[in-house]
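One structure is given below, encoded as structure tokens.
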Amino acid sequence: MPGHVLIAPSILSADFMRLGDAVELVEQAGADLIHVDVMDGHFVPNLTIGPPIVKALKRVAKVPLDVHLMISNAEESVGWYLDAGADMVTVHVEVCNHLHRIVQTIQQAGAQAGVSLNPATPVETLREIIPDLDLVLVMSVNPGFGGQAFIPQSVDKIKAVARMIAETGSPARIAVDGGIDAVTASTVVRAGASMLIAGSAIFSAEDPAAALRSIRTSAETRVM
Ligand code: DX5
Ligand code: ZN
């Protein structure tokens, strides 16, 4: 089990008129990365932000930007996000025909490469690529919106990814995205996750800094 669990607040649930303030607030509360949700209205029903906003965020963020591409044309547009300053780029296995190529492109640009699985996508789809990955992102909701309920089957899926990582000697870290709060955080960390993405649990809280800290406390609490 990892010592330090990374917390990546998702700014999808922040006030878009004050993104710079949101970044600063969570950095001061101990965020390890800033999670940026890019949606295209095609792979997922929602539309959010694109490369110009990633570039603007890069100017203010002191911690790395973790860019989650929920877009159908990642293979054509990944370069835009790398140029905009993404430090970590995660693509979806469901929409990448040439997964190995895009992972190489991301890493050759000096960024970390992640691959994400929707709730209905089997872990086995990662078998051949997992030794090359820096991150496996297990979606614990159907991507598209913040504030959805955590899907309980995600816990077994995280365990299955952890087994595959052990079997293949992969250096990948497991991240979980969707419905993470101070309750689900400890469950997913015990299952093998070492990076937690949380949007509404942080930004919809009355005190976002306190909410982030309680997720960290939950994540680092060992239940015997
Ligand atoms: C969902 C996004 C998530 C989202 C999580 O499609 O990928 O990053 O912001 O939101 P919460 O934490 O509210 O489930
Ligand atoms: Zn996300």
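For GLY144, the conditions (1) at positive phi; (2) assigned to a strand (DSSP E or B) are fulfilled apart from (2). Hey, PRO45 hits all of (1) of a type outside the set (Val, Ile, Thr); (2) closer than 20 Å to ILE180 by Cβ; (3) in contact (Cβ under 8 Å) with a residue 60 or more places away in the chain but one; which does it fall short on? PRO45 satisfies all of (1) of a type outside the set (Val, Ile, Thr); (2) closer than 20 Å to ILE180 by Cβ; (3) in contact (Cβ under 8 Å) with a residue 60 or more places away in the chain except (2). Please indicate, with yes or no, whether at least one residue in segment 195-206 is open to solvent by 10 Å² or more (accessible area, probe 1.4 Å), over 22 Å from LEU126 (Cα atoms) and more than 12 Å from ligand 1 (Cβ to nearest atom). Yes, segment 195-206 contains at least one residue that is open to solvent by 10 Å² or more (accessible area, probe 1.4 Å), over 22 Å from LEU126 (Cα atoms) and more than 12 Å from ligand 1 (Cβ to nearest atom).
Within segment 177-212, the set of residues being assigned to a helix (DSSP H, G or I) and either within 15 Å of the chain's Cα centre (by Cα) or farther than 20 Å from GLY20 by Cα (or both) comprises THR184, ALA185, SER186, THR187, VAL188, VAL189, ARG190, ALA191, SER200, ALA201, ILE202. Name, by its number, the condition in (1) among the hydrophobic types (A, V, I, L, M, F, W, C); (2) within 16 Å of ligand 2 (Cβ to nearest atom); (3) open to solvent by less than 40 Å² (accessible area, probe 1.4 Å) that does not hold for ILE102. It is condition (2) that ILE102 fails.
Can you name every residue in segment 69-98 that is in a helix (DSSP H, G or I), free of Cβ contacts under 8 Å to residues at least 40 places away in the same chain and open to solvent by 20 Å² or more (accessible area, probe 1.4 Å)? Listed by number, the residues that qualify are GLU75, GLU76, GLY79, TRP80, LEU82, ASP83, VAL93. When ILE174, ILE215 are screened for being within 17 Å of the chain's Cα centre (by Cα) and closer than 25 Å to HIS92 by Cα, only ILE174 passes.
All of VAL89, VAL78, VAL115, VAL93 fail the test of being of a type outside the set (Asp, Glu) and more than 21 Å from SER140 (Cβ to Cβ), apart from VAL78. If a residue has to be open to solvent by 10 Å² or more (accessible area, probe 1.4 Å), more than 8 Å from ligand 1 (Cβ to nearest atom) and either over 23 Å from ILE165 (Cα atoms) or in contact (Cβ under 8 Å) with a residue 60 or more places away in the chain (or both) to count, how many in segment 134-151 make the cut? Selection size over segment 134-151: 1.
The values are calculated or read from the model by the stated rules, or taken from the named source; none is laboratory data. Here the structure is a predicted model, which is why all the values come from computation and not from measurement. Here Cβ is always computed from backbone atoms with ideal geometry, including for glycine, and neighbour counts include all displayed protein chains. Surface areas here come from the heavy atoms of the whole protein model, side chains and all, with no ligands, DNA or RNA. Shrake-Rupley method; radii C 1.70, N 1.55, O 1.52, S 1.80 Å.
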